[in-house]
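Here is the structure we will look at, set down as structure tokens.
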Amino acid sequence: MSDALTVPVSSTATAVELTGITKTYPGVIANADVTVRVAAGTVHAIVGENGAGKSTLMKILYGATRPDHGTMQVDGRPVTFSSPSDAIDVGIGMVFQHFKLAENLSVLDNVILGAEPMRRSRFGSIDRDLAAERITRISVQYRLAVDPHAMIRDLGVGARQRVELIKVLFRGAKVLILDEPTALLTVHEASDLLSQIRGLCQDGLTVLFISHHLDEVLGVSDAITVMRRGEVVATVVPAEIEQQELAVMMVGAEPAELPRRALGGTRPPLLELRGLSATRDGGGRIDGLDLTVGAGEIVGIAGVEGNGQDELVEAILGVLDLDQGQIVLEGEDLTNTATAERLRMGIGCIPQDRQREGVLLDQPLWMSQMLGHLHDPNFRRGPWLRMASVRRAAAAVVADADVRVPSIDISAAALSGGNQQKFIVGRELAADPKVLIAAQPTRGVDVGAQRQIWTRLVEAAERGTGIMIVSADLEELMSLSDRIAVMARGQIVAIYDATDATVAAIGSSMTVGAT
Amino acid sequence: MSEGSPVEGFIKRVLSPARLGSMSLHAAAVALSLLFAVTVLGLILAAYGTRPSAVIDVVGEYALTGPGWVAIVNKSTTYFLAGLAAAVGFRMYLFNIGIDGQYRLGVFAAAVVGGALGLPMLLQIPLMILVACLVAGAYAAIAAYLRAERGVSEVISTIMLNAIATGVISYLLSPKRFGVLEDGSSNVQTALIPESGRLPAISIPGAGEVYGFTVIAVIIGILYWLVTERSRFGFELTATGSAPRAALLSGTNPRRMVMITLIASGALAGTVGLPELLGSTHRYGISFPSGLAWVGLSIAIVGRNHPVGVALGALLWAFLERCALPLDLLGVPKEVISVVQASVVLAVVAMYELVHQISERRERRRAAAFARPAAPQGSPA
Amino acid sequence: MTITTKRWGMLVLGGLVLASSAAHIANAPDLTSAGLAGATLRFTVPILLAGLGGLWAEKSGTLNIGLEGMMIIGSWTGAWVGMSSGPWAALLGGLVGGALVGLLHAVITLAWGVDQAIAGIVINMAAIGAVRFLSSVTFANEQGGSISQSPGLEQLPLVSVPFADSVLRPIGGWDVPVLSDAASLVRGLATNVSVGTILAFLLVPLTWWVLARTRFGLHVRACGENPSAADSLGVSPYRIRYLSQTISGAFAGLGGAYLVVVASSLYREGQVGGRGFIGLATLVFGNWTPGGVLGGSLLFGFTDALSTRQAASVEALLLIGGTVLVARAGWLIYRQRRESAIWHLAFGIPVLLWFAFGSSVPKELVGIAPYLTTLVVLAVARQALRPPSAIGVTYRRSEE
């Protein structure tokens, strides 16, 4: 139910109007009677928690999906899209949160794909010179610096995003949809982007932007639509609202009391990483990294993705071989031990990609109980498995972690992301590890499940488990950690105590020489 | 969800509604595939003007009799073993097309060793089995090593190795080396294996003799099931095939898995020629066909890598081939059977995919409905 | 490492010197004969066409293991059509036959969502059975035919560069090292070459041009690298893959047809003999480029041709192969890539030892030369390969 408080001022022309959009998936109402009016030449933000329905709405606007009910108008004319091509034809361009770029092709090839300028003479051949010229022109006009002949695989995140923007501008987009554009950027790059967005609007383009970074949204938008649970809560003007109010609208209540930590006191070191250096085939690396995690301590690892966090996790697990350095667990040197042995010795891991690394998607849920826990004496009798025991353990995890499934025989793929994550967290905590590495433990998980997971992590720490949380969610790190270490370029560049940690300080540390 | 006695638990698990539903879906898939294949056969027969009743008569006369069944069971033992060998690799998305070369090298080595020694049966036969498995496994190890350490696709490497094996065997089989040319025969074979190297057959009165090795094959099948479903190694195998990253992070060494799996597949392939060698021919010669790799792969696909499925698939394949000769007598070329077999595999493969998608969608719906319907679940919207 | 013209020149010269010396040392004059050169062309083309077929499929993200089956069907349909309508029709027949199987592969993997590798395997099996059956109802009823071979077929016309024979033959007879060898080789490549061969070689630059320069080519490559990106821009991976797999089958079918009207003059069961898979190997060797596929095909075609000639030539091959491997091992050690070097030595040294001390290669083993070469090349191939990123993954347009 739309509850428009104030309509954006000044422009009379409406670039995009979505009316009564409803879309359901099996068991989920993604959008319920959503109405949004976007004025031409403005920046209009859509905010909401994970699961609020923002992405679905944008997919509908982009033609990737069709609504069950409702209508759309672009520039005053009613439209229906059967595919993204239709939306592109009408001037809508989307920049996805996870870039859709072909690594082994050049910037030029990626940009012109599907809209190639052709040479009139030789049949079927592309006019690359014309394309390069056009790209350069756009690049200069909107201050989006790129080299058309560079290969995508050689470009960093910021450059790739510029390529994505040029991609939509190349097609003559008048309405740009940006899905969480600052998610992977450093604080500096993010503010650059935001000013570029304002620049785009001054040229007459309309920008729709999805985010849950309320401060950015307030800083750059002309209007904000708040969504929650598939519905529009309100559409407001930034000048007339406070961030706190916005947050309340987003979440639906005062943000729940975050679990308070009994901080302070010294803790005996549990996991010591000394001078770790390692390189992965793809180029990612860690370089002389030192860190200690004490018993019962929660250490957060902050940093822009791609600065060595993945390599750090893999090195601790033993999947990535060290070039130099030592890993010591409770005094024992693990540096040359195999992964299976390290898990047996008490290291647990919540992997960052739950679908590929945390569960066996096409197998019954209970089988995933054994992942990483084959060494558990309850699960085995010599080389054989004790199926009944495994099933009992899986059932216990399901019950304790509030995983909502009708049975443990259902395949893991059938579960929602949140339930999969709850299962994984529950499985790891049930084993009572000495050290737990949690990589993005609540990514893509709804607020309720997130709070549950946070609570369980804190409880585990109270019991003496040393926890290392690698996360892109600064709020998560700040709520839970005793200390926050900031990674950049494969090293730890700063460590903050919980009391000293502020978003500003951490943010600026992250940008120090970050990739 | 508490479990009572193990038997209760077993029954609950095997006969749970979900499991039964899944099994019946798969059975329906196979039935539909067979229907498709029979339709194809029917069309071809119609083109030849053969009446279906004539076919049924002839099939009944030749295939569905006592001796017919014995021949079918005997042939299916060979196919069953080939299917298991393929299935071992399939569980990890490894395609061991080298079963052909591996099995022939294995049975050749066993024949040579068996023909050269005259140990008592209790030693002779296990020795021959061992030799077959070792040689075949070692040959598979080449492809295994290339795949594990150099990333060479096992599809290409095993096919190359098959061709190389053919050359090596023909080299070794010449009369100057291990071959023997008996008077009156124009085919070179290995030396005849003495009595002690012949596995006694199971005599079925009025029907014929079933290979003794069939019993061993059943035991191998049971072992296969135990290892893949009930052992830690079996779990690691499943995990590596289903989610290689997850397996890696939980301590499974992928290279080790590839090596063990392909070598095991090879060792199993080594047994493929033994039913015939120990049971009827007693020497290696041209009667050992190539092309068994494809049969094994087909059967593994149809049987979904499960020993019971593979066994049923092997029986089906052997039955179809038994029907080839009578069809020939009716004027329909017996090669039509290969077309029928191909149709079965094609149809099965499509059907299984359909079944997979249906059951996945069903499960998702069930899971989503179970969770509180008011709150949209946490998947990124 | 881009291959410049100068580098090409050096490679060719080096190869010539190597071949010439090996021919003398191993007493294998046939190694540098015109006959072998001509045979090399004939053996290269099927592999080349299979390789190009594989390239078309894999560039769009589809693993095409069914190439062998497509070649088999192409060889059959080529023979069947060629029986009644001549060799040019045979080529067309092979192309169409292969294309149809390629289309079938597309239907299985795209419409039914079956795993690509399994689809390929099923097609290979089905092909073997199908041609046997089809032969039994066609060739078996013709004179000279049976269930495993067709009657004799008319071959494609041969062409020669004018004056090549009269000029080069005498030079070849002078017995001057390198020069005479070069003359013989060129003579073999320039005289009595089938038009089919020329056609096939022309398909290489054509493939390159389409893939690199045209819109369709870009669409294909994009679908192979990131089908989701292509889809989001209105380029349907489904449509592109349907097309590319059909093209892939057409190339393979053409290769099969070539076997029956150029490389030989009839269809025979087992003729394809694994060349579809060797074609796949050229993709790896050639790093998924048309030029690389050509290079790989020449290499494998050369060893294939060798295996049908004198045993002495095969021994010369041992000498050449062993020398190249050991030499490259030395270069790799210099470049500090020790692991790769060890592999090269592991193959190179035994091969050289065999040449030096072993008795002549037994005739049964001569035939394995191309397969062994392929295996060795794959084993020592460099690691920095760039296959298209989305290969082998079934693309599903997700609704959620």
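Every read-out reported here was derived from the displayed coordinates using simple, explicitly stated rules and does not represent laboratory data. The structure presented is a predicted model; accordingly, all values stated were derived computationally and were not measured. So basically every Cβ, Gly included, is an ideal-geometry build from the backbone, and we count neighbours across all protein chains shown.
Observations on the model:
- Rounded tilt (10° steps) of A:187-202 against the dominant C-alpha axis of chain A: 20
- With 23 Å as the limit on Cα-Cα distance, the pairs of A:Lys54/A:Lys100; A:Lys174/C:Lys59; B:Lys75/B:Lys334; C:Lys6/C:Lys59; B:Lys334/C:Lys363; A:Lys100/A:Lys174 that go past it are A:Lys174/C:Lys59; C:Lys6/C:Lys59; B:Lys334/C:Lys363.
- Helix-only [θ]222 nm of the protein assembly as shown, DSSP H runs n ≥ 4, -39500 (n - 2.57) each, per residue, nearest 500: -17500 deg cm²/dmol
- Segment A:361-432 - convex hull of the alpha-carbon atoms, volume per residue in Å³: 79
- Taking 1.567 mPa s as the viscosity and 4 °C as the temperature, the Stokes-Einstein diffusion coefficient of segment A:102-183 based on its alpha-carbon Kirkwood radius rounds to 98 µm²/s.
- Per-residue shielding of A:83-92, expressed as the average number of other chain Cβ atoms within 10 Å of the residue Cβ, stands at 2.
- Choice from C:Ala37, C:Ala140, C:Ala183 with maximal GNM fluctuation in chain C (Cα, 10 Å cutoff): C:Ala140
- Overall Cα dimensions of the protein assembly as shown - principal axes, largest extent first, Å: 103, 82, 67
- Calculated log₁₀ intensity ratio I(q)/I(0) where the Debye formula runs over C-alpha points of chain C, q = 0.09, 0.11 Å⁻¹: -0.57, -0.84
- GNM result for chain B, Cα springs below 10 Å: residue of B:Ile301, B:Ile97, B:Ile56 fluctuating most strongly: B:Ile56
- Crossing angle, helix B:66-90 versus chain B [Cα axis fit, 0-90 degrees, rounded to tens]: 60
- The mean count of C-beta atoms from other chains within 10 Å of the C-beta of residues in A:447-460, rounded to a whole number, is 1.
- Over chain B, the ratio between the Cα radius of gyration and 2.2 N^0.38 Å evaluates to 1.10.
- Lys/Arg +1, Asp/Glu -1 at C-beta; the protein assembly as shown dipole; positive extreme among A:Leu194, A:Ile437, A:Ala501: A:Ile437
- Those lysines that a straight Cα-Cα span of less than 22 Å connects to A:Lys422, excepting residues fewer than 8 apart in one chain: A:Lys434
- Taking Lys and Arg as +1 and Asp and Glu as -1, the other residues whose beta-carbon sits under 14 Å from that of B:Thr240 total +4.
- Panel order for A:Glu314, A:Glu475, by other beta carbons found within 10 Å of each beta carbon, from fewest to most: A:Glu475, A:Glu314.
- Over segment B:263-350, equivalent-ellipsoid semi-axes from the Cα gyration tensor in Å: 23, 20, 10
- Fewest-first ordering of A:Cys349, B:Cys323 by other beta carbons within 10 Å of each residue's beta carbon gives B:Cys323, A:Cys349.
- Taking trypsin sites (Lys or Arg not before Pro) across segment B:85-178, the ones in a DSSP loop with at most 15 further Cβ atoms lying within 10 angstrom of their Cβ are B:Lys176, B:Arg177.
- Per-bin percent of Cα-Cα distances, segment A:352-481 [10 Å]: 12, 45, 34, 8, 1
- GNM on chain C, alpha-carbon springs under 10 angstrom: the most fluctuating residue among C:Gly54, C:Gly321, C:Gly196 is C:Gly321.
- Pairwise Cα separations in segment A:306-393 fall into 10 Å bins from 0 onward with the following percentages, short to long: 15, 40, 33, 12, 1.
- Charge tally around A:Ala393: other residues with Cβ under 9 Å, Lys/Arg +1 each, Asp/Glu -1 each, net +2.
- For segment C:29-286, the dipole from Cβ point charges (+1 on Lys and Arg, -1 on Asp and Glu) about the Cα centre works out to 440 debye, to the nearest 20.
- Computed from point charges on the beta carbon alone (+1 for Lys and Arg, -1 for Asp and Glu), the dipole magnitude for segment B:65-322 about its Cα centre is near 640 Debye.
- Axis angle, to the nearest 10 degrees, between helix B:52-62 and the longest C-alpha principal axis of chain B: 60 degrees.
- Signed unit charges on C-beta, dipole axis of the protein assembly as shown, positive-most listed residue B:Tyr48, B:Leu81, B:Ala246: B:Tyr48
- Average partner coverage of B:344-356, which counts Cβ from other chains inside 10 Å: 4
- Positive contributions from Lys and Arg (+1) and negative ones from Asp and Glu (-1), summed over other residues with Cβ under 10 Å from the Cβ of A:Ile484, come out at -2.
- Solvent-free Debye calculation, one equal scatterer per alpha-carbon of chain A: log10 I(q)/I(0) at 0.10, 0.11, 0.12, 0.13 Å⁻¹ equals -0.89, -1.05, -1.21, -1.35.
- Which of C:Val204, B:Val38 has the fewest Cβ neighbours within 10 Å, and the rest in rising order: B:Val38, C:Val204
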